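Readers should treat all values here as calculations from the given coordinates under stated rules, not as data from a laboratory. Source: prediction; values computed, not measured. Counting neighbours? That spans all protein chains shown, and the Cβs are built from the backbone with ideal geometry, glycine included.
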Amino acid sequence: MSFKRITEEASQYRHLEKMSIKEILTNINKEDKIVPDAIKKVISEIELLIAAVTDKMLMGGRLFYIGAGTSGRLGIVDASECPPTYGVPYGLVIGIIAGGHKAITEAVEFAEDDTEQGWKDLQYHYITNKDVVIGIAASGTTPYVIGALQKCKEHGIITGSISCNPDSPVSAAAEFPIEVIVGAEFVTGSTRMKSGTAQKLVLNMISTTVMIQLGRVEDNKMVNMQLSNEKLVDRGVKMLMENTGIKNYDEAKKLLLTYGSVKIASENNK
């Protein structure tokens, strides 16, 4: 399929090597400001996808992100942060990247061009039609992602996509496509910049909103977070003191560590 790749268009800035450091930073910042407004235009599409994900997860399903390169890494980052932030089990939100674990830190040549491997990688996790798969591809043309979404469709699995080109092949393969059109990059074709930022922000919106819908947040607090370091323990102690009226910090800390979460400690000490 041939279509216009806005993500590959030439930067509107010329001779970047002749700019001062301040000029470079100012212009990058100017371009980055485009991203939130582009996302605002597709809030309704994001809402539809989140509703579908929430419904499936409430019925025991999982959320998968699948991508290549920067897109794949962003999915893995978002997935990996759900357990410590919201206290959900590892394996509820899963990030998959073309080329496997090595591709998280290194480029794996041609991994994204394999149309069959994405589905194989999903099958490794025993994917079913209870789950939802979101394909992430800035260009919207990544064969690894498109092939996986097409196979998901054949097996009755709900799919979404996040891309930065209009009417892209990955959108055609997804039931709930999201297209955030941020325009040409500051460095021509460097989609880790505005496109990556857009994908990161949308992923934040998806996972955060889903977790709120699943009851993993109370008021505005992460009451189910894992107490994995002193900073989080301190945050949890202060939440517990606020929730229960306990005045003594050491007493609250002891209770928090005994129960293992703000939510459970609060429920048992009101």
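At-a-glance table
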| read-out | value |
| --- | --- |
| Calculated from backbone phi, Karplus (6.51, -1.76, 1.60) coupling profile of region 78-93 in Hz, x at Gly/Pro | 5, 5, 5, 8, 5, x, x, 7, 10, x, 7, x, 4, x, 7, 10 |
| Antiparallel DSSP beta bridges within the chain, as percent of all bridges there, nearest 5 | 5 |
| Residue-averaged 222 nm ellipticity for the chain, from DSSP H runs of 4+ at -39500 (n - 2.57), nearest 500 | -14500 deg cm²/dmol |
| Loop-resident sites, region 29-86, for trypsin sites (Lys or Arg not before Pro), counting at most 10 other Cβ within 10 Å (DSSP) | 33 |
| Candidates per chymotrypsin sites (Phe, Trp or Tyr not before Pro) in region 115-184, loop by DSSP, up to 16 other Cβ within 10 Å | 124, 126 |
| Using θ = phi - 60° and Karplus 6.51 cos²θ - 1.76 cosθ + 1.60, couplings along region 199-211 (whole Hz; Gly, Pro as x) | 5, 4, 5, 5, 4, 4, 5, 5, 5, 5, 5, 4, 5 |
| Relative contact order [Cα under 8 Å, 6+ residues apart], the chain, whole percent | 22 |
| Relative exposure of 176, 110, 186, judged by other C-beta atoms within 10 Å (fewest first) | 110, 186, 176 |
| All-pairs alpha carbon distance profile, region 57-192, 5 Å steps from 0, percent | 2, 11, 21, 24, 21, 13, 6, 2, 0 |
| Interchain or long-range residues, amide H under 5 Å from residue 161's placed H | 135, 176, 178 |
| Order of 195, 71, 11, 139 - criterion: other Cβ atoms within 10 Å of each residue's Cβ, fewest first | 11, 139, 195, 71 |
| Binned Cα-Cα distance frequencies in the chain - 5 Å width, integer % | 1, 6, 12, 15, 15, 13, 11, 9, 7, 5, 3, 1, 0, 0 |
| Qualifying GluC sites (Glu not before Pro) for region 19-119 [loop in DSSP, other Cβ within 10 Å: at most 11] | 106, 109 |
